[in-house]
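The values are calculated or read from the model by the stated rules, or taken from the named source; none is laboratory data. The model shown is predicted, which means the values in this text are computed figures rather than measured ones. We place every Cβ from the backbone using ideal geometry, glycine too, and count neighbours over all the protein chains shown.
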Number of protein chains: 2
Amino acid sequence: MVPDILRHPKVRLTAAATRNKERLEKIAYEYNVETYYTIEDLCKSTNVDAVYIATPTELHTEHVRIAAEAKKHIIVEKPLSVSLTDADNMIENAERNGVQLIVGHSHSFEPPIQKMREIITSGELGRVVMIHNWYFNDWLYRPRTPEELKTELGGGVTYRQGSHQFDIIRFLGGGMIRSIRAVTGIWDDSRPTEGNHSIFLEFENGTAATAVYNGYDHFHTTELTFDIGEGGPLTKSNIYAQSRRLITETNSPADEVSLKIASGYGGSRSKNYQVAEKNHPFFGLTIVSCEKGDIRQHPDGLLVYGENEKYVVPISKEETGRFNVIDELCTAVIEGQRPVHDGYWAKANLEVCIKAIQSSKERKELYLDFQVPVKDKVKNIIG
Amino acid sequence: MVPDILRHPKVRLTAAATRNKERLEKIAYEYNVETYYTIEDLCKSTNVDAVYIATPTELHTEHVRIAAEAKKHIIVEKPLSVSLTDADNMIENAERNGVQLIVGHSHSFEPPIQKMREIITSGELGRVVMIHNWYFNDWLYRPRTPEELKTELGGGVTYRQGSHQFDIIRFLGGGMIRSIRAVTGIWDDSRPTEGNHSIFLEFENGTAATAVYNGYDHFHTTELTFDIGEGGPLTKSNIYAQSRRLITETNSPADEVSLKIASGYGGSRSKNYQVAEKNHPFFGLTIVSCEKGDIRQHPDGLLVYGENEKYVVPISKEETGRFNVIDELCTAVIEGQRPVHDGYWAKANLEVCIKAIQSSKERKELYLDFQVPVKDKVKNIIG
């Protein structure tokens, strides 16, 4: 998030908190900001108006409460929580304290998905008939913290990646899912959390959707998406199943956490995201079918297969999904516009995750209770 | 079918019947065979042991009865019928008369699908977790006879193309589907039959599957499958939505039938399939995920994404799906081996088609009653 915080004209990076002393010193040195060991102390700073919470999922409820009670606006990482009660708790805390709560970054903030929604709502392709998102990659074998591999803590692909798929699908389809039927799978005893799923969704208005995910590092859908994944263009290592093999050679969960830390901020394996993101990310293959045409992503923007022609809708590389998260917060705080990705939106995504796993266990279709519609941006009307 | 009948060592083309006089004369001249106007007369010939019935779906029951009562073995085109009662009727007629009944050609006869099943049953990749078949093409706008566009006569993509998808998926997953949830769509008033569907299937053993189809001639999945479709490699016309536009300019159903006839045997738009089929057909994108690897088609055979390497399993171009249909009949007749693609198999595929449309109407998951397992070929054991 940091590069986008730094370049957004309406926000400033003023403080940071982490219990990792080394990182804290690096941040203080690099950005010249206040540093704290705890969120309580950070929230006491009068130089802080809004907090971005990127702590593990099970700490979100407590951290959102602390920030909200300190009257700080909040961006909290997805998944918001693992239980609907926790989600309600955070929503109530934010409302009671009069602060905005935005859940992100998630992929519906990305410019290509935003642009797809814009084309859909313009009506030029008629109504949405089907939405599909299929993603095969190495998710399960990238270095993980222990909680990312425990379903009960919000780990596994259904909670952590399904939440992106449902976010994309709900955003494109208008939000109101009626029912779900899913099969989720746990196939590697050494990483006993969901590694794949096949999910069918129907919206209240009849639009159908599927979300298919396979994180076992065999086939990768980047083969179908111009060699571009969620982190931008692939580096062509040409080594098959590199992630799975690296993890197999890692001796302990502690070693694995070290690997993960090394690829994070200030780490030895850290990527330079500004270089990596030459293209907008592709969260797998997303295909939207409308009555009069289909849409999918293209390296330069979107490919639209219309009634009479197939054409590229270019999308600027300047705008990013993470920039849009900050923008949505600013618009909410400054203009008082209710954000799309508020607590209710995140709770609705979470409900789909929870019911996907439940549908698989009970082997039956389930109905949804907490879905909310997309709040499409209203263009300013002058005059 | 004719080229494969001619080159199969165990069969001879001895007679043909059609009410189209011009075609009949051409066949008589070209192949030096007996010709008849009706199936009744053809079935009186002592030179006929087996009949291939390629008449419209609604005539299958009557034609199968005639052939069976004349003690001729039968290959009948898919879909077998539109009702389960008709399917039962044909199965009973064949059994009572002691003749073999095979339903085909369908895509599970194709060498790549057969090879996938062989890899699955070998167990080298562990059990099957998910099977997906996704096909986007121009089906609805290819020249059609009126019954192909009437759902109640077995028209539309769910009956005519879903039957291939379910055949592939059931063949790979072992046959026994437990439940289905589907949304089927009719979006073009001028061709009011199913043009797309999104279908979720779960097998009794827990394997999940999806079958997605869109025949509205916008995006084509050949973009994802090496530019190869069910008819082999694409001719690169570079004209977008050519099928839809051609049909829009066609004035009447009669003109459209003429177009279809022109592309059939002896017609002016007839393709030379032997030239076209340089590669095995790709019935859309089929991806099989097993515990220890994924499989998909490749122009030279299959791509296997295994535990440690990704490799091509080559498949000879000599063998074809249509050759395999004839072969299955010969094995059934000569060796008395029960064919995989018998009436019960076809009835099980038909049940999935019927319940897909019903699931969409009732907006709920439905359970299946007439599924049968795959009869895997038993290799001859010597010794």
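Across segment B:114-135, the qualifying residues are those that are within 25 Å of B:Thr320 (Cβ to Cβ) and either basic (Lys, Arg) or touching a Cys at 6+ places or on another chain (Cβ under 8 Å) (or both), and the one among them that is farthest from the other protein chains (Cβ to nearest Cβ) is B:Arg117. Taking the condition of being more than 20 Å from B:Asn349 (Cβ to Cβ), touching a residue at least 60 places away in the same chain (Cβ under 8 Å) and part of a loop (DSSP other than H, G, I, E, B), how many residues in segment B:103-136 meet it? So the answer is 4. Sub-9 Å Cβ pairs linking a first residue in segment A:297-320 that is part of a loop (DSSP other than H, G, I, E, B) to a second residue that is aromatic (Phe, Trp, Tyr), at least 6 apart or interchain, are A:Pro299/A:Phe226; A:Pro299/A:Phe282; A:Gly306/B:Tyr240; A:Asn308/B:Tyr240; A:Glu309/B:Tyr240; A:Thr320/A:Phe109, ordered by first then second residue. Against the numbered list (1) in a strand (DSSP E or B); (2) in the same structural domain as A:Val99 (by TED's automatic domain parsing), A:Arg338 comes up short only at (1). Residues in segment A:180-199 include none that are among the hydroxyl-bearing types (Ser, Thr, Tyr), in contact with a Phe, Trp or Tyr (Cβ under 6 Å, 6 or more places away or on another chain), in contact (Cβ under 8 Å) with a residue 12 or more places away in the chain and facing chain B (nearest Cβ under 8 Å).
Restricting segment B:110-127 to residues that are surrounded by fewer than 24 Cβ atoms within 10 Å (Cβ to Cβ) and hydrophobic (A, V, I, L, M, F, W, C), the residue that is farthest from B:Leu246 (Cα to Cα) is B:Leu125. All told, A:Thr151 meets the bar of being more than 14 Å from every other protein chain (Cβ to nearest Cβ), under 23 Å from B:Met130 (Cβ atoms) and among the β-branched types (Val, Ile, Thr). Each residue in segment A:183-205 was checked for being outside any strand (DSSP E or B) and buried (at least 23 other Cβ atoms within 10 Å of the Cβ), and 3 pass. In segment A:282-296, the qualifying residues are those that are in a loop (DSSP other than H, G, I, E, B) and within 12 Å of chain B (Cβ to nearest Cβ), and the one that is surrounded by the fewest Cβ atoms within 10 Å (Cβ to Cβ) is A:Glu291.
Pick from segment B:73-99 the residues that are of a type in the set (A, V, I, L, M, F, W, C) and not in a helix (DSSP H, G or I): which of them is nearest to B:Ile357 (Cα to Cα)? Result: B:Val82.
Filtered by the rule that a residue be of a type in the set (A, V, I, L, M, F, W, C), crowded, with 23+ Cβ neighbours inside 10 Å and either more than 12 Å from every other protein chain (Cβ to nearest Cβ) or in contact with a His (Cβ under 6 Å, 6 or more places away or on another chain) (or both), segment B:159-179 gives B:Phe166, B:Ile168, B:Phe171, B:Leu172, B:Ile177.
When the residues of segment A:306-347 are filtered to those that are of a type in the set (Lys, Arg) and away from chain B (no Cβ under 14 Å), which remaining residue is surrounded by the fewest Cβ atoms within 10 Å (Cβ to Cβ)?
Ranking the candidates gives A:Arg338 first.
Total residues in segment A:347-383 satisfying the condition of being in contact with a helix residue (DSSP H, G or I) (Cβ under 8 Å, 6 or more places away or on another chain), modelled with pLDDT of 95 or more and either assigned to a helix (DSSP H, G or I) or acidic (Asp, Glu) (or both): the figure is 12.
Quick check on this structure: which one of B:Ser237, B:Ser263 is at pLDDT below 90, in the same structural domain as B:Arg127 (by TED's automatic domain parsing) and within 28 Å of B:Val325 (Cα to Cα)?
From the options B:Ser237, B:Ser263, the qualifying one is B:Ser263.
Residues in segment A:48-66: is at least one in contact (Cβ under 8 Å) with a residue 60 or more places away in the chain, in a strand (DSSP E or B) and either polar (S, T, N, Q) or farther than 30 Å from A:Asp369 by Cα (or both)? Yes, there is a match, as at least one residue in segment A:48-66 is in contact (Cβ under 8 Å) with a residue 60 or more places away in the chain, in a strand (DSSP E or B) and either polar (S, T, N, Q) or farther than 30 Å from A:Asp369 by Cα (or both). Contact annotation: residue pairs with Cβ atoms under 7 Å, 6 or more positions apart or on different chains, pairing a residue in segment B:26-46 that is of a type in the set (Val, Ile, Thr) with a partner that is in a helix (DSSP H, G or I), are B:Val33/B:Ile27; B:Thr35/B:Leu24; B:Thr35/B:Ile27; B:Thr35/B:Ala28; B:Ile39/B:His63; B:Ile39/B:Ile66; B:Ile39/B:Ala67. Look at A:Ala208 and say whether it is surrounded by 16 or more Cβ atoms within 10 Å (Cβ to Cβ) and either within 12 Å of chain B (Cβ to nearest Cβ) or over 19 Å from the mean Cα position of the chain (by Cα) (or both). It is true that A:Ala208 is surrounded by 16 or more Cβ atoms within 10 Å (Cβ to Cβ) and either within 12 Å of chain B (Cβ to nearest Cβ) or over 19 Å from the mean Cα position of the chain (by Cα) (or both).
Considering segment A:211-236, the residues that are more than 17 Å from B:Thr221 (Cβ to Cβ) and not in a loop (DSSP other than H, G, I, E, B) include one that is farthest from the other protein chains (Cβ to nearest Cβ), namely A:Gly232. Here A:Glu77 meets each of (1) of a type in the set (Asp, Glu); (2) in contact (Cβ under 8 Å) with a residue 40 or more places away in the chain; (3) closer than 30 Å to A:Gly162 by Cβ; (4) touching a Gly at 6+ places or on another chain (Cβ under 8 Å) with one exception, condition (2).
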